[in-house]
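Just below is one structure, and these are the notes that go with it.
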Amino acid sequence: MITGLRSRVPFMARSLRAPLTRTFVLPRKTPLHSNNISINIYSPAFKRNFSVLNNRILFNASKLSFAENKNSNDENKNKKDEDNNKNDKNNKKDNKNEPVSPTQLLFKDWVLYSLGFTFLFSLLSALGSSEITHSLTFQEFLTRYLEKGLVQKIEVINNSIVRAELISTQNPRYVTFTIGSVAFFEREIDQVQEKLDIPLNERIPVTYERRSSIFSYLIPFIPTLILIGGTLYILNTIRKKRGTGGSGGPFDQIMNVGKSKAKLFNQETDIKVQFKDVAGCDEAKEEIMEFVSFLKNPKRYEKLGAKIPRGAILSGPPGTGKTLLAKATAGEAGVPFLSVSGSEFVEMFVGVGASRVRDLFKTARKMAPCIIFIDEIDAIGGSREKNSMRSNDEKEATLNQLLVEMDGFDSTDHVVVLAGTNRPDMLDKALMRPGRFDRHIVLDKPDLEGRKAIYKVHLRPLKLSHPVTDVFAGKLAALTPGFSGADIANCCNEAALIAARHDADAIELKHFEAAIERVIVGLEQRGRVLSPEEKKTVAYHEAGHAICGWYLKYADPLLKVSIIPRGQAALGYAQYLPDDQYLTSQEQFQHRMIMALGGRVSEELNFDDITTGAADDLQKVTRMANAMVLKLGMSKKLGTIVFEPKDTNMQVHKPYSEETWENIDSEVHKIIDDAHTRCKKLLSEKIDEVKKVAEELLTKEVLTREDMIRLVGPRPFEEKNEAFKKYLDPDSKQ
């Protein structure tokens, strides 16, 4: 019996394309011990993984080897023990790099064998039909065999192949050819035999046969088997990874589509921002710090009967530091901080948003005390009253679940919800009421002192030519009125880039001034060449602006006039320094309109024709005149009535009569015509100064405040801008 097995072993070894010896190869390096007999199982250099079929063959071969080694094992026992000890040591060393088990690659083997069998079936099918590879044409069959009477029998196979059996003296005995139509074939055969006058009872018999290979039945099932095997493999992989606490990959995400995507931040490693890095919003920072203090030491408040606020809305223009303040809260809270975006609750699947809200608050309650930050909450918290078409919207279901969760947990849970938005007016009233978001914290654009504090934070990591002082930071703050925190950070970065572009050793004030112009007006377009006529028109246009601003009492201080093209449409500009004021008088409106019309009026006085250069100025003037009449009640004829409602989204008809509309139109025209008349009178009186400034601009292209003083003398009015007088006035120390 052993001899019979031995004769089959080499055949099996050859089928595996590997020499078969008495020591067999398995994927794992594990010695087998049985009855004091040891067989070393080691992995070859290429670490081949066997499939189930290979393992079965290997198992049979290993039994034979085991029987043959049994008689000679006593002689080699000591040597085998030494080899086992060496293998044990190697197993310990290579434990971390242990090859993958064959059972884990079952699906891979399944696919490989399926593709192999498919190829084999296709090959056999091709071999089965190889007899027609050198077949004749129908016409050759007629002339060579049928008309000569050499055909004994004809078989039509599957209505497409004809196999003709020739008489016994012919070689080859069979010939084949293909046909397109059985009816045409029969008709041609009958015609040929009629021509040969062959009687009906002696005509060549024609039989019809339909053949099919077993492979034609098996091949269609192979894709189905691959699909079933792949599905079982994927489900098995997901189940195993879930059991070990891992992720099941992209398929596991489908199963967890209702889970919250909130990210848990570690304040020691993930967040580097602290409250000292947040400047320009001291009041908002104090309110947020109170939340942090309550979560760190709740007994301090609870002993007095105070309850922690349920949440706070951080609102304000873009770039004012809402997200930065939330990051600082995460960095100093000392409690778990969950951050999520409002858009992550919105999915194409129904019910996913509400499910994620439930999961988020469930996780937060387990971690209490805890802070939840929802950025851009207007993505799910939009008002339900403004759009009647979204009564069954998925966003509304998500909002309803958020309302329930925020008002559902007790104050003893110590879970605080912070939310950021740029559009607080779009939020639902039920979301903004006390008991959900108790505090509404507004982060507006910083004033002069706020900008100075922000500059000190962003100047800290930069390499400057001199140390950061209050005067230097104040000068930069005065040059950037209306800038937000993000604008200031961008300005500091642009200054560093400009200094590096010029190979400077340190960043100087001139680099900051260039960066401020880059942010406000745009990139300098030196390559945009203007014709002499266009350049002269731009010079007189900007000179008109400059002279109007110089001789008007309520005009903003002039810093620079330039005719160098910048950005996409600015062929020239005049830079002014507006004050941080919160109230504007009617006279200030009029002076601003006169100054805006200075460019167009200067073109009217100095040229025969006007250009499109004043398009932006005319839009500003029109907006100011409309605001004075429709919103601010600065028309004596119409009185103190607001004609433009605050919410005009759903307005179809004007809330006033046609006669009132005509009066509004006439008042707007009157205000603009008044400003135009006063501007024309002013520039007509100062026509020489306009020409002087324009000619200087054509020569130097850029005029500063010192150049204006040299050309037209000091400004006849005292500057009302305190920031300008403190940091930018030529008499002040820099």
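The values are calculated or read from the model by the stated rules, or taken from the named source; none is laboratory data. Remember, it's a predicted structure, so these values are computed and weren't measured experimentally. Glycine gets a Cβ as well: all are built from the backbone with ideal geometry, and neighbour counts include every protein chain shown.
Quick one: which residue in Gly258, Gly245, Gly249, Gly229 is modelled with pLDDT of 75 or more and of a type in the set (Gly, Ala, Ser)?
Answer to the check: Gly229.
If you check Lys553, Lys536, Lys560, which single one turns out to be within 21 Å of Phe607 (Cβ to Cβ) and surrounded by fewer than 21 Cβ atoms within 10 Å (Cβ to Cβ)? Walk me through it before giving the result.
Working: Lys553 fails: within 21 Å of Phe607 (Cβ to Cβ); Lys560 fails: within 21 Å of Phe607 (Cβ to Cβ).
Of the residues listed, the single one that is within 21 Å of Phe607 (Cβ to Cβ) and surrounded by fewer than 21 Cβ atoms within 10 Å (Cβ to Cβ) is Lys536.
Please work out which residue is surrounded by the fewest Cβ atoms within 10 Å (Cβ to Cβ), limiting yourself to the range 700-728 and to residues that are among the β-branched types (Val, Ile, Thr) and within 49 Å of the chain's Cα centre (by Cα). I'd like the intermediate steps shown before the answer.
To start, the set of residues in the range 700-728 that are among the β-branched types (Val, Ile, Thr) comprises 702, 704, 709, 712.
Within this subset, residues satisfying the condition of being within 49 Å of the chain's Cα centre (by Cα) are 702, 704.
Working: Val702: 13, Thr704: 16.
Looking at the filtered set, the residue picked out is Val702.
When both residues are 6+ apart or on different chains and their Cβ atoms are under 8 Å apart, which pairs have a first residue that lies in the range 356-369 and is farther than 9 Å from Glu405 by Cα, and a second that is outside any helix (DSSP H, G or I) and among the aromatic types (Phe, Trp, Tyr)?
Arg365/Phe409
I'd like the full set of residues that are at pLDDT 85 or above and not β-branched (Val, Ile, Thr), limited to the range 161-173.
Arg163, Ala164, Glu165, Leu166
Does Leu459 meet the test of being modelled with pLDDT of 90 or more, over 34 Å from the mean Cα position of the chain (by Cα) and buried (at least 18 other Cβ atoms within 10 Å of the Cβ)?
Working: modelled with pLDDT of 90 or more: yes; over 34 Å from the mean Cα position of the chain (by Cα): no; buried (at least 18 other Cβ atoms within 10 Å of the Cβ): yes.
Taking the combined requirement at face value, the residue does not satisfy it.
In the range 290-304, is there at least one residue being at positive phi, surrounded by fewer than 20 Cβ atoms within 10 Å (Cβ to Cβ) and in a loop (DSSP other than H, G, I, E, B)?
So far as the range 290-304 goes, no, none of its residues is at positive phi, surrounded by fewer than 20 Cβ atoms within 10 Å (Cβ to Cβ) and in a loop (DSSP other than H, G, I, E, B).
Inside the range 673-696, can you point out the residues that are in contact with a Cys (Cβ under 9 Å, 6 or more places away or on another chain) and of a type in the set (D, E, K, R)?
Lys686
So that you can scan it fast, the table gives a plain yes or no per residue for (1) within 20 Å of Leu630 (Cα to Cα); (2) surrounded by fewer than 18 Cβ atoms within 10 Å (Cβ to Cβ); (3) in contact with a helix residue (DSSP H, G or I) (Cβ under 7 Å, 6 or more places away or on another chain); (4) of a type in the set (S, T, N, Q):
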{"site": "Arg566", "(1), (2), (3), (4)": "no, no, no, no"}
{"site": "Leu577", "(1), (2), (3), (4)": "no, no, yes, no"}
{"site": "Thr584", "(1), (2), (3), (4)": "yes, yes, no, yes"}
{"site": "Glu587", "(1), (2), (3), (4)": "yes, yes, no, no"}
{"site": "Ala596", "(1), (2), (3), (4)": "no, no, yes, no"}
{"site": "Leu605", "(1), (2), (3), (4)": "no, yes, yes, no"}
{"site": "Asp608", "(1), (2), (3), (4)": "no, yes, no, no"}
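Tally the residues that are part of a helix (DSSP H, G or I) and loosely packed, with under 11 Cβ neighbours inside 10 Å, restricting the search to the range 195-218.
6
May I ask you to list pairs of residues, at least six apart or on different chains, whose Cβ atoms are under 9 Å apart, with the first in the range 683-700 being closer than 9 Å to Val712 by Cβ and modelled with pLDDT under 95 and the second being crowded, with 19+ Cβ neighbours inside 10 Å and acidic (Asp, Glu)?
From the range 683-700, the pairs are Val693/Glu542.
Given (1) within 29 Å of Leu399 (Cβ to Cβ); (2) under 29 Å from the mean Cα position of the chain (by Cα), where does Asp277 come up short, assuming only one miss?
Single failed check for Asp277: (1).
Limited to the range 162-182, what total is found for residues that are among the hydroxyl-bearing types (Ser, Thr, Tyr) and either under 60 Å from the mean Cα position of the chain (by Cα) or more than 15 Å from Lys148 (Cα to Cα) (or both)?
Number of matching residues: 4.
How many residues are more than 21 Å from Gly321 (Cβ to Cβ) and out of contact with any Pro (no Cβ under 9 Å at 6 or more places or on another chain) when one looks only at the range 367-380?
1
Is one or more of the residues making up the range 506-529 crowded, with 20+ Cβ neighbours inside 10 Å and polar (S, T, N, Q)?
Checking the range 506-529: not a single residue is crowded, with 20+ Cβ neighbours inside 10 Å and polar (S, T, N, Q).
May I ask you to verify whether Thr118 is at pLDDT below 80 and assigned to a helix (DSSP H, G or I)?
Judged against the criteria, Thr118 is a match.
In the range 187-218, how many are under 12 Å from Phe138 (Cα atoms) and either in contact (Cβ under 8 Å) with a residue 60 or more places away in the chain or among the acidic types (Asp, Glu) (or both)?
Within the range 187-218, residues that are under 12 Å from Phe138 (Cα atoms) and either in contact (Cβ under 8 Å) with a residue 60 or more places away in the chain or among the acidic types (Asp, Glu) (or both) number 1.
Is it fair to say Ile671 is in contact (Cβ under 8 Å) with a residue 60 or more places away in the chain and not basic (Lys, Arg)?
yes
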